[in-house]
1. Would you tally the residues in segment 347-364 being open to solvent by less than 40 Å² (accessible area, probe 1.4 Å) and either among the hydroxyl-bearing types (Ser, Thr, Tyr) or under 23 Å from Asn182 (Cα atoms) (or both)?
2. Would you mind finding the one in Gln507, Gln495, Gln511 that is among the polar types (S, T, N, Q) and without any contact (Cβ under 8 Å) to a residue 24 or more places away in the chain?
3. For Glu2, only one of the following conditions fails: (1) crowded, with 19+ Cβ neighbours inside 10 Å; (2) at pLDDT below 90. What is its number?
4. With Glu525, Glu520 as the choices, which residue is surrounded by fewer than 17 Cβ atoms within 10 Å (Cβ to Cβ), among the acidic types (Asp, Glu), in contact (Cβ under 8 Å) with a residue 24 or more places away in the chain and out of contact with any helix residue (DSSP H, G or I) (no Cβ under 8 Å at 6 or more places or on another chain)?
5. What number of residues within segment 318-341 satisfy the criterion of being open to solvent by less than 70 Å² (accessible area, probe 1.4 Å), touching a residue at least 60 places away in the same chain (Cβ under 8 Å) and in a helix (DSSP H, G or I)?
6. Scan segment 154-169 residue by residue and report those that are among the charged types (D, E, K, R), open to solvent by 80 Å² or more (accessible area, probe 1.4 Å) and at negative phi.
7. Within the bounds of segment 54-67, is there any residue that is farther than 19 Å from Asn105 by Cα and either without any contact (Cβ under 8 Å) to a residue 60 or more places away in the chain or part of a loop (DSSP other than H, G, I, E, B) (or both)?
8. Looking at (1) in a strand (DSSP E or B); (2) among the charged types (D, E, K, R); (3) at pLDDT below 85, which is the one condition that is false for Arg396?
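The values are calculated or read from the model by the stated rules, or taken from the named source; none is laboratory data. The shown structure was predicted, so the numbers you read here are calculated from the model rather than taken from an experiment. A quick note on method: Cβ atoms are made from the backbone with ideal geometry, for glycine too, and the neighbour counts reach across all protein chains shown. Just the protein is used for accessible areas: all its heavy atoms, side chains included, with ligands, DNA and RNA removed. Shrake-Rupley method; radii C 1.70, N 1.55, O 1.52, S 1.80 Å.
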Amino acid sequence: METNFYLRKLIIQNFATFKNQSIHFRPGFNAIIGETGSGKSLVLDALQLILGSRADKKVVRKDTDYSLIEASFQCEDQGVAAFLEVEGYPIQGKELIIKRLIYKNGTTKTYINHLSCSVTFLATFSKRYIDLVGQFENQKLLSESYQLHLLDHYGKLSTDLVKYQKTLSLYKDLQARLSELNLSKMHREQRLDYLNFQLQEIEKLNPSSQDEEDLLKKKNLLANIEKIQKISFQLKDIFEGDEGHPGLLSEMKKLSSVLIKNKDFYESQIAEASEIDDKLHLLVDNIDKKFNFDLDPQELEGVIERLDSYQKLKKKFGGSSETIIQTQVDFLIERDQLQSLDFNMEDIKVQISNLRTDLTFQSQSLHKKRSQHAITLSKELTTRVQNLKMTGATIRLLVEELQDFNDYGVTRAVFVAETNPGEGFFKVKDIASGGELSRILLAVRQILSTYDSISIFLFDEIDTGIGGETANCIGKALCQVAINGQVIAITHLPQIAQFAEVLILVQKDIQGSAKSSRTESSIKEIVGKMVLKEVRAMAQLC
């Protein structure tokens with residue numbers, strides 16, 4: 001099977017005993033070998049930093065300012081690329097680069113695709129696609145939630161789970177809505193009183209933009225009533241005249257009379273004068289109409305009071321009469337909703353009841369399928385661990401039905417093992433033997449590597465406490481895991497190393513003179529026919 005996501009190159013600079021080394025990995029099985037103390041574990045430490053583990057300033061090589069770890073991954077996996085794209089770290093071409101800098105003062109910098117990122121995000125990404133198995137640790141498998149996740153992948157139950165989770169999401173949304181309505185009901189009367197009071201205040205004003213505009217004009221007139229009256233008297237004197245001074249109207253009448261008496265000379269002007277007279281009377285009428293109302297100074301108080309009501313409501317609900325009107329509409333809608341609250345709550349209760357029935361059916365159906373697949377998976381795991389020379393060992397995936405729903409149904413799953421017949425079953429994470437735990441975890445990966453999103457598997461101390469034929473079986477098992485992903489394992493056993501496609505030989509030398517010597521680790525990559533030669537050399541040392 002083609003590997004779409006794998007570690008291609010690791011650069012280690014100023015990292016403990018490493019000065020400046022590059023390690024090239026291949027898809028398939030890569031074995032890290034070397035004598036005890038050569039620096040094999042430092043390679044894994046560097047990889048763990050790339051996976052988001054905490055950095056210790058002690059790793060910075062003496063007399064240097066910082067350590068640099070840079071990993072280049074070949075990435076043709078659409079799932080990995082899509083995940084990083086969504087998170088804001090797009091892949092250029094088919095290469096993913098992760099880099100960490102650890103400074104001697106303890107500060108660190110982390111980059112994905114040359115973009116700064118948090119260590120937390122790096123750890124999240126790594127746990128999704130890379131798995132580390134140590135002698136007493138595991139990133140995922142030892143958690144019960146992940147064991148259930150693997151069971152669902154093994155049983156191809158993802159579609160059933162997604163359907164259940166959609167129903168559960170709707171169920172929770174309606175429950176939240178019902179809680180909101182219950183809270184609203186508690187405060188309903190108080191809220192209704194408030195709404196009715198505000199609506200009465202608005203309805204009393206009966207606001208409109210035209211009404212406010214008319215009030216402002218009237219206020220202006222009433223505020224200038226004395227001035228208007230004075231102007232009116234002046235205009236009246238102009239049109240009607242006063243003592244000793246004839247007005248325009250009488251003068252116009254006199255003009256028309258003179259013209260008529262002398263029509264032989266001014267016949268055409270009579271019509272012009274008549275037209276002027278008509279316009280003059282029309283002007284008088286229009287001026288009279290403009291201010292022909294009872295300008296009561298006492299009315300000003302009422303106008304101002306009504307305008308004050310506008311200002312009060314605008315301050316309360318918004319800056320315009322249109323806002324007041326919209327608030328009135330919103331209040332009316334809310335009042336209707338509160339008045340129909342009981343009906344809505346009953347309808348939601350019915351929906352919740354129906355959804356709970358659906359959830360019960362879906363979760364129990366899912367639990368039944370899980371229980372069936374757990375039996376099959378348990379048998380396969382037992383066969384696998386026994387093939388790894390754990391004679392008499394039995395692995396079971398216990399499935400328990402819970403009382404209430406959670407995000408994954410009503411199922412609790414946990415791996416238990418009996419490594420010695422008749423001694424009882426214990427949770428896998430509680431097994432004392434590191435070698436046994438490693439083999440159990442390896443067996444799980446043999447079966448589930450094709451079902452999970454993990455593409456890169458890192459095994460530390462996989463050969464602890466074993467040898468001979470058992471080591472040979474573990475080597476074969478690692479090859480099987482490598483069919484569906486890249487395997488990188490530290491080993492000191494030739495029986496395991498012989499199955500690797502590439503050997504990463506870590507060596508340690510003393511550089512310089514006796515007075516100023518420095519320890520330095522180096523990397524030698526062994527491939528092809530030279531693998532077998534190196535394995536024979538390892539066997540002679542064992």
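1. Taking segment 347-364 first, the residues open to solvent by less than 40 Å² (accessible area, probe 1.4 Å) are 348, 352, 355, 359, 362-363.
Then drop every residue that is not either among the hydroxyl-bearing types (Ser, Thr, Tyr) or under 23 Å from Asn182 (Cα atoms) (or both), which leaves 348, 352, 355, 363.
Matching residues across segment 347-364 total 4.
2. Just one listed residue meets the conditions, Gln511.
3. (1)
4. Numbers: Glu520 fails: surrounded by fewer than 17 Cβ atoms within 10 Å (Cβ to Cβ).
After applying the criteria, what remains is Glu525.
5. Narrowing segment 318-341 to residues open to solvent by less than 70 Å² (accessible area, probe 1.4 Å): 318, 320-321, 323-325, 327-329, 331-332, 334-335, 338, 340-341.
After this cut, where a residue has to be touching a residue at least 60 places away in the same chain (Cβ under 8 Å) as well, the list is 320-321, 324-325, 327-328, 331-332, 334-335, 338, 341.
Applying the additional criterion that residues be in a helix (DSSP H, G or I) yields 321, 324-325, 327-328, 331-332, 334-335, 338, 341.
Qualifying residue count for the region: 11.
6. Step one: list which residues in segment 154-169 are among the charged types (D, E, K, R), which gives 156, 160, 163, 166.
If we keep only those that are open to solvent by 80 Å² or more (accessible area, probe 1.4 Å) as well, we get 156, 163, 166.
Of everything in segment 154-169, those that are among the charged types (D, E, K, R), open to solvent by 80 Å² or more (accessible area, probe 1.4 Å) and at negative phi turn out to be Lys163, Lys166.
7. Residues of segment 54-67 that are farther than 19 Å from Asn105 by Cα, as a first pass: none.
No: segment 54-67 contains no residue that is farther than 19 Å from Asn105 by Cα and either without any contact (Cβ under 8 Å) to a residue 60 or more places away in the chain or part of a loop (DSSP other than H, G, I, E, B) (or both).
8. Unmet condition: (3).
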